[in-house]
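The values are calculated or read from the model by the stated rules, or taken from the named source; none is laboratory data. Please read all numbers here as calculations on a predicted model, not as lab measurements. We place every Cβ from the backbone using ideal geometry, glycine too, and count neighbours over all the protein chains shown.
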Amino acid sequence: MTLTQLPLDNNTELLLQELQDTFEISFETWNKNYAEVFTQNNSAVISFNPNKVTTACVAHELLHIWLKQYQYLSGNHLWMSLSGTPFLSEVFDKRLCDHIGNCMDHNKMYPKFREMGYSPESFIQNGGKSQCSVIDIRLIFLKVNGKYSPAGVNSFVGHLISILADHCDNNYDKQLTMLQKRDQELFNAVTDFWSEWEAFDIENIDIINNSDFDLMERFISNMEEWCETKGIIE
């Protein structure tokens, strides 16, 4: 499938043309059941399955590129900042940090996606469906043999972020209650971070009054404090 064969409506075509003023954007096919964009400097490659690609799918990936203009810190900052930290470097592995960064992007690009005329259900794969089940929460084991498990905390944070980042009006009351009962302090650290991110203005980043660095560092500090209070890091 060539670029001219992609299912682009007027809004997506206009977005692509706008982005091409700054980015060199190319498209390549693959046989995975989802689309993905890789950006480096001013180059971007969108990989897609020609049997599954839709206009909304292309728009979604273009919006990830569109966000690059704001140059805010994302999940990769967490990964690099915690890479040498005992326990937390195992919790915030590359996969979790990529997930957090992706959810952060989604929160900021979703309003524009809707302005372009697309439905909530078409924003992500399986959009509209629950992003975290009660069974998922039951399978989280924060402790193994009485000690906090990096894998368990990783799962707790990842599933909670999935719930908080859901753009659709799904009911997660039971899942959230279960997570709170598991560990209220850990729950607070994650939800406080996400509340700050939702309120954060990416268009007016300022080192003093509106700092993304401070926002991310507060989350890191809260996680380190959580470890200390639990006796994980002495």
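A few notes on this one:
The rows are residues; the columns are (1) touching a Pro at 6+ places or on another chain (Cβ under 8 Å); (2) exposed (fewer than 15 other Cβ atoms within 10 Å of the Cβ); (3) not assigned by TED's automatic domain parsing to the domain that holds Tyr148.
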position: Asn76; (1), (2), (3): no, yes, no
position: Phe87; (1), (2), (3): yes, no, no
position: Val91; (1), (2), (3): yes, no, no
position: Lys94; (1), (2), (3): no, yes, no
position: Cys97; (1), (2), (3): no, no, no
position: His106; (1), (2), (3): no, no, no
position: Met109; (1), (2), (3): no, no, no
position: Glu115; (1), (2), (3): no, yes, no
position: Glu121; (1), (2), (3): no, yes, no
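- Inter-residue pairs, beta-carbon under 7 Å, first assigned by TED's automatic domain parsing to the domain that holds Leu176 and in region 192-209, second surrounded by 17 or more Cβ atoms within 10 Å (Cβ to Cβ) and among the basic types (Lys, Arg), 6+ apart: Ile202/Lys108
- Hits in region 113-146 (condition: touching a Cys at 6+ places or on another chain (Cβ under 9 Å) and at positive phi): Gly128
- Cβ separations smaller than 7 Å between residues 6+ apart or across chains give the following pairs from region 15-27 residues that are exposed (fewer than 12 other Cβ atoms within 10 Å of the Cβ) to residues that are of a type in the set (A, V, I, L, M): Ser26/Val45.
- Test: residue in region 72-86 that is within 15 Å of the chain's Cα centre (by Cα), within 23 Å of Ile202 (Cα to Cα), small (Gly, Ala, Ser) and not in a helix (DSSP H, G or I): yes
- Taken over region 135-169, the criterion of being polar (S, T, N, Q) and at pLDDT below 95 is satisfied by Asn145 alone.
- Residue pairs whose Cβ atoms lie under 6 Å apart, sitting 6 or more positions apart in sequence or on different chains, and linking a residue in region 89-103 that is under 18 Å from Gln71 (Cα atoms) to a partner that is surrounded by 15 or more Cβ atoms within 10 Å (Cβ to Cβ) and among the polar types (S, T, N, Q), are Gly101/Ser74.
- In summary, helices (runs of 4 or more DSSP H) completely within region 125-234 and bearing 2 or more residues that are loosely packed, with under 12 Cβ neighbours inside 10 Å occur at 134-138, 173-182, 184-199, 212-229.
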